[in-house]
Structures are given as structure tokens and as C-alpha cells.
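A short worksheet on the structure shown next.
No value in this document is a laboratory result; all are computed from the given coordinates. If you're wondering where the values come from, they're calculated on a predicted model, not measured in any experiment. Cβ atoms come from the backbone with ideal geometry, glycine included; neighbour counts cover every protein chain shown.
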Amino acid sequence: MRNDRLANWLHLSGSYPDRHLGREVPYQVTHTPQGLGMMYIAGVLSGLLGIGSGVFKVLAMDTIMRLPLKVSTTTSNFMIGVTAAASAGIYFSRGDIPPLIAAPVALGVLAGAFAGSHLLARLSNKTLRLIFLPIMAIIAVQMVLRGFGLTI
């Protein structure tokens with residue numbers, strides 16, 4: 001697999017260290033324009049439905065752009081963190097975020113992200129996919145049920 005022209009221009013290829021394999025794993029990026037289109041759709045769905053778009057971003061990077069799942073999940077997590085940090089300041093300044101609720105939630109998320117990043121480095125891509133796919137299925141079922149006005 002080789003980079004497409006846009007991926008070359010944006011220098012999107014790279015490598016990541018894989019402790020499970022014990023080596024540096026190089027990767028290429030394909031179908032960048034289609035991936036960009038899917039990211040746009042993910043953003044629209046996120047804004048329209050009030051859902052997190054991280055799952056859609058991971059799908060776009062993994063299935064369309066052919067990035068390794070470890071790269072897709074960490075990139076999605078970074079993008080979510082940046083957008084959440086930008087909007088959190090606005091919500092906090094308007095008084096929409098109660099600090100006594102936000103502080104423990106933020107600490108829990110931070111602890112979970114720290115543990116997840118250490119676990120991610122030790123898992124194989126196959127194991128990560130076996131964990132991720134059932135979660136995706138559950139999210140899809142929940143979205144369909146909510147669309148029909150049913151809740152779990």
C-alpha cells in the first residue's frame with residue numbers, strides 16, 4: 001500500500017512503536033479525500049445528534065484511510081481532547097459546568113485515558129479490534145433505539 005498524492009503532500013505517513021511486536025511499525029495513508037469527507041459527516045452527525053464523533057473518526061481512519069487501529073484510536077482521542085478543551089472553556093465561563101461534578105469526572109477520564117494509553121501499547125492490533133468491534137455494535141444499536149424513541 002502506498003500513500004495517495006494528498007497524503008504525501010500533507011506528510012501523513014509515519015510509524016508507531018509497538019511493544020507487543022517489539023518494533024517500530026511503519027504505515028501509509030490512502031484515500032485521504034474520502035477520509036476527509038467521512039470526517040465532515042462525523043462532525044455533522046456529532047453536531048446534529050449531540051453524539052460523540054470519535055467512533056466515526058476511528059472508522060474513517062481505519063476502514064477508509066487504512067491507518068492501523070492504534071494510530072486511528074490515538075489520533076481520534078487527540079482530536080476529541082482538543083475540541084473538548086476549546087469548548088470546555090466557553091461552557092465553564094458561562095456557568096454551564098458545575099465544578100463539583102466536573103472535577104471528579106475529569107479526574108476519572110484522566111485516569112482512564114492514562115490507563116488506556118498504557119494498555120494500548122501492550123495490545124496487538126487484532127486484540128484491539130476484537131475489543132473495539134463489539135463496542136461499535138453496542139453504540140450502533142443504542143443509536144437506532146434512541147432514533148425510535150426507545151432507551152436502554
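Laid out as a table, the results:
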| item | result |
| --- | --- |
| Label-point separation, ALA106 to LEU133 (7 Å along Cα→Cβ), nm | 3.9 nm |
| Euclidean distance of C-alpha centroids, segment 61-114 and segment 1-29, integer Å | 24 Å |
| Whole-number D in µm²/s for the chain (Stokes-Einstein; Kirkwood sum over Cα pairs; 25 °C, 0.890 mPa s) | 141 µm²/s |
